[in-house]
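Engineer: Below is the structure I would like to discuss, written out as structure tokens.
The values are calculated or read from the model by the stated rules, or taken from the named source; none is laboratory data. No experiment lies behind these values; they were computed from the predicted model shown. We place every Cβ from the backbone using ideal geometry, glycine too, and count neighbours over all the protein chains shown. The protein model used for the area step is the full one, side chains on, heavy atoms only, and it has no ligands, DNA or RNA in it. Shrake-Rupley method; radii C 1.70, N 1.55, O 1.52, S 1.80 Å.
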Amino acid sequence: MLYANPNLSGTLPTELGNLQYLWNLAIVGTNVTGHIPSEFGLLSSSLAIVELWANQLTGPIPTEFGSLTELRILALSLNNLTGTIPTELGLLSNNLNMIYLHDNNVTGEIPTELGLLSANLQVLDISNNQLDNEIPSELLSLELEFCSLANNSFSGGKVPGNCIS
């Protein structure tokens with residue numbers, strides 16, 4: 001774990017995807033730049049926590065995160081990530097508890113597949129992005145402890161209970 005080390009810079013090494021017993025990938029509050037390597041999806045049998053927030057990361061959220069079957073926490077907030085929220089995250093219904101994607105430049109719609117996470121998802125924070133279209137009705141089945149959809153450009157749809165919009 002690397003927390004709040006502004007002296008740490010460079011890019012995330014793709015070789016981290018080879019660490020087959022890595023359980024917690026936490027690089028927080030650094031000057032690390034570049035894309036999140038798709039190779040992190042190779043850690044499907046072990047990786048439970050991905051904390052890559054408050055860095056200078058750019059590019060899309062890797063669709064390969066949908067193969068991280070043990071993933072419980074996905075925290076990618078406070079970066080400069082672009083692209084859409086991968087629909088593949090909806091495949092993680094067995095374990096995924098928390099999704100933090102706030103304060104990025106993520107665009108497009110909220111994937112309806114996120115409604116499949118109703119069994120365990122407790123936190124969904126996708127505020128302060130550039131998401132648009134309607135809020136999908138599939139999210140109404142989520143029983144969230146905390147939810148923020150604020151500061152996006154949604155054009156309609158019902159806001160799930162416990163959601164800040």
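Engineer: So, in the range 34-60, how many residues would count as being among the β-branched types (Val, Ile, Thr) and touching a helix residue (DSSP H, G or I) at 6+ places or on another chain (Cβ under 9 Å)? Full working, then the answer.
Structural biologist: Initially, the range 34-60 is screened for residues among the β-branched types (Val, Ile, Thr), giving 36, 49-50, 58.
From what is left, the residues that are touching a helix residue (DSSP H, G or I) at 6+ places or on another chain (Cβ under 9 Å) are 36, 50.
Going through the range 34-60 one residue at a time, the tally reaches 2.
Engineer: Let me ask something additional. Hey, can you tell me all the residues within the range 16-26 that are among the aliphatic types (A, V, I, L, M) and either open to solvent by 20 Å² or more (accessible area, probe 1.4 Å) or free of Cβ contacts under 8 Å to residues at least 12 places away in the same chain (or both)?
Structural biologist: Within the range 16-26, LEU16, LEU19, LEU22 qualify.
Engineer: Go through the range 44-63 residue by residue and tally those that are under 18 Å from ASN97 (Cα atoms) and either out of contact with any Asp or Glu (no Cβ under 9 Å at 6 or more places or on another chain) or buried (at least 19 other Cβ atoms within 10 Å of the Cβ) (or both).
Structural biologist: 7
Engineer: Out of the range 118-132, which residues are under 13 Å from the mean Cα position of the chain (by Cα) and either closer than 16 Å to LEU144 by Cα or free of Cβ contacts under 8 Å to residues at least 12 places away in the same chain (or both)? Walk me through it before giving the result.
Structural biologist: Residues of the range 118-132 under 13 Å from the mean Cα position of the chain (by Cα): 121, 123-127, 129.
Selection gives LEU121, VAL123, LEU124, ASP125, ILE126, SER127.
Engineer: Filter the strands (runs of 3 or more DSSP E) completely within the range 86-134 down to those with at least 2 residues that are farther than 17 Å from GLY157 by Cβ. Even if it seems obvious, please write down each step before you answer.
Structural biologist: Working: elements: 98-100, 123-125, 130-134.
Fully inside the range 86-134 and qualifying: 98-100, 123-125.
Engineer: Can you say whether LEU91 is open to solvent by less than 10 Å² (accessible area, probe 1.4 Å), modelled with pLDDT under 95 and more than 11 Å from the chain's Cα centre (by Cα), as far as the supplied structure shows?
Structural biologist: Numbers: open to solvent by less than 10 Å² (accessible area, probe 1.4 Å): no; modelled with pLDDT under 95: yes; more than 11 Å from the chain's Cα centre (by Cα): yes.
Judged against the criteria, LEU91 is not a match.
One line per residue, one yes/no per condition, for (1) open to solvent by 10 Å² or more (accessible area, probe 1.4 Å); (2) within 26 Å of LEU47 (Cα to Cα):
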{"site": "SER77", "(1), (2)": "no, yes"}
{"site": "MET98", "(1), (2)": "yes, yes"}
{"site": "THR112", "(1), (2)": "yes, yes"}
{"site": "LEU116", "(1), (2)": "yes, yes"}
{"site": "LEU124", "(1), (2)": "no, yes"}
{"site": "GLU138", "(1), (2)": "yes, no"}
{"site": "LEU144", "(1), (2)": "no, yes"}
{"site": "LYS158", "(1), (2)": "yes, no"}
{"site": "SER165", "(1), (2)": "yes, no"}
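Engineer: Only residues in the range 45-61 that are modelled with pLDDT of 95 or more count as the first member; pair them with residues that are surrounded by fewer than 16 Cβ atoms within 10 Å (Cβ to Cβ) and of a type in the set (A, V, I, L, M), Cβ under 7 angstrom, at least 6 apart or cross-chain, and list the lot.
Structural biologist: Within 7 Å, the pairs are ILE49/ALA26; GLU51/ALA26.
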